[in-house]
Amino acid sequence: MRFAYADPPYVGQAKRHYANDPSGIPATEIDHKALVQCLHTIGGDGWALSCSSPSLRQILPLCPQEARVMVWVKPFCSFKPNVRIAYAWEPVIVWGGRPREKRQETVRDWVSANMTMRRGTHGAKPDTFCYAIFEWLNIKPEDEFFDLFPGSNAVMRAFKTWRESPRLDFTP
């Protein structure tokens, strides 16, 4: 099966965060309608899309009706001056995925993981967050997985580690 993930520059933040970023991510605003179509094409069996809480209202209507909003809670995050309520969570829109079997554990629709620091680019995702995406989509080690905005390459490194880790098989 084929799955994809996108963590584009968040709406209105491209120039601010990526103007001089070493990752090579362009400092241009993203056409999210085209991005959702691209996710459908590349990750035909399921995909996940990170966004900011202020942009969720704008991006969610571009997604299929069956898409769900998962949550990344950040116990440690940066507190900004003049921001009255901290941005301590991020929405992740998830569509599709392999159906879970009855023998599989139920997964939560949220993950708690601290934000990363000094990963080479703005917004690099922690491994725990990446593992949650793989579980939400119910990816198997033999599946194809594509990261449309590799940035620091943290997601693909996490996928390689996750793919190579031993799994318990409860097949009778």
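Some observations on this one:
- Some residue of segment 47-67 being of a type in the set (S, T, N, Q) and modelled with pLDDT under 85: no
- Which numbered condition LEU39 misses (of (1) within 17 Å of CYS130 (Cβ to Cβ); (2) part of a helix (DSSP H, G or I); (3) at pLDDT below 95): (3)
- Being modelled with pLDDT of 95 or more and part of a loop (DSSP other than H, G, I, E, B) is a property that does not hold for PRO91.
- Some residue of segment 34-47 being more than 21 Å from MET1 (Cα to Cα) and loosely packed, with under 13 Cβ neighbours inside 10 Å: yes
Yes/no per residue for (1) over 15 Å from PRO8 (Cα atoms); (2) hydrophobic (A, V, I, L, M, F, W, C):
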position	(1), (2)
LEU39	no, yes
GLY43	yes, no
PRO54	no, no
PRO75	yes, no
PRO99	yes, no
TYR131	yes, no
PHE134	yes, yes
PRO141	yes, no
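- In segment 99-144, residue farthest from ALA88 (Cα to Cα) [restricted to those that are among the small types (Gly, Ala, Ser) and modelled with pLDDT under 95]: GLY120
- Selection within segment 2-32 - at pLDDT 95 or above, in contact with a Leu (Cβ under 9 Å, 6 or more places away or on another chain) and not small (Gly, Ala, Ser): PHE3, TYR5
- The set of residues in segment 48-67 that are surrounded by 14 or more Cβ atoms within 10 Å (Cβ to Cβ) and either of a type in the set (A, V, I, L, M, F, W, C) or within 16 Å of TYR5 (Cα to Cα) (or both) comprises ALA48, LEU49, SER50, CYS51, SER52, LEU56, ILE59, LEU60, LEU62, CYS63, ALA67.
The values are calculated or read from the model by the stated rules, or taken from the named source; none is laboratory data. This is a predicted model, so every value here is computed, not measured. Note: ideal-geometry Cβ built from the backbone for every residue, glycine included; neighbour counts use all protein chains shown.
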